Amino acid sequence: MSVTSIAETAQYLTFKLSDEVFAVEVGKVREILEYISITKVPKTPEFMRGVINVRGSVVPVIDLRLKFGMDRTEQSVNTCIIVLEMGFEGEATILGALSDSVQEVIEIEPDQIEPPPRIGTRLKTEFIKGIGKREGHFVMILDIDKVFSSDELELVQEKSGNLMMEAAV
């Protein structure tokens, strides 16, 4: 999806990773949880911190800071888990994303959104819908459905599914 396809004002949940502000469409957010204990799953990618129990369902938790090449998210009083619904192979996939803090829900007009920068081919920006401008600061608007490759999501689903089956035995 390109920035030109953002035709109307949309609401976004903003959150911080390090000193950067990111946003995701409110419609993709299921809920926001305070930081809770995460159960580590062996042999998973470094960005997959483990799984949590959300009302009886096993939900994988991803460290977006690690996925984006930043330092690992450290637990603080503001650390939250944003439970997101992503589209994967035509089905809804639920996962938790660690954030340093959740900011607010904002509306951004289409004319306040610029396309992501194109700097050669080494910088992967396909998961960034656009860069919003708000009160003199930039907000990276994520296309959460494109943050993870299909291979990464399959691995996460497989590992958390195996854990769920083991718990049922």
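The set of residues in region 50-69 that are more than 14 Å from the chain's Cα centre (by Cα) and either of a type in the set (A, V, I, L, M) or not in a loop (DSSP other than H, G, I, E, B) (or both) comprises G50, V51, I52, N53, V54, S57, V58. Count of region 34-49 residues, restricted to those that are in a loop (DSSP other than H, G, I, E, B) and either modelled with pLDDT under 90 or closer than 10 Å to D63 by Cβ (or both), is 8. Determine, yes or no, whether R72 is touching a helix residue (DSSP H, G or I) at 6+ places or on another chain (Cβ under 9 Å), free of Cβ contacts under 8 Å to residues at least 40 places away in the same chain and surrounded by fewer than 14 Cβ atoms within 10 Å (Cβ to Cβ). The answer is yes for R72. Can you confirm whether G27 is buried (at least 18 other Cβ atoms within 10 Å of the Cβ), among the small types (G, A, S) and modelled with pLDDT of 90 or more? No; evaluated as a whole, the condition is false for this residue. For region 114-124, a tally of residues being modelled with pLDDT of 80 or more and part of a loop (DSSP other than H, G, I, E, B) returns 2.
Checked against (1) in a loop (DSSP other than H, G, I, E, B); (2) of a type outside the set (A, V, I, L, M); (3) without any contact (Cβ under 8 Å) to a residue 40 or more places away in the chain, D111 passes all but a single condition, namely (1). Within the set F127, F68, the sole residue that is at pLDDT below 90, touching a strand residue (DSSP E or B) at 6+ places or on another chain (Cβ under 8 Å) and closer than 23 Å to P42 by Cα turns out to be F68. Within region 84-99, the presence of at least one residue that is modelled with pLDDT under 75, under 18 Å from K28 (Cα atoms), out of contact with any strand residue (DSSP E or B) (no Cβ under 6 Å at 6 or more places or on another chain) and in a loop (DSSP other than H, G, I, E, B) is confirmed.
The values are calculated or read from the model by the stated rules, or taken from the named source; none is laboratory data. Source: prediction; values computed, not measured. Note that each Cβ is placed from the backbone with ideal geometry, even for glycine, and that neighbours are counted across all protein chains shown.
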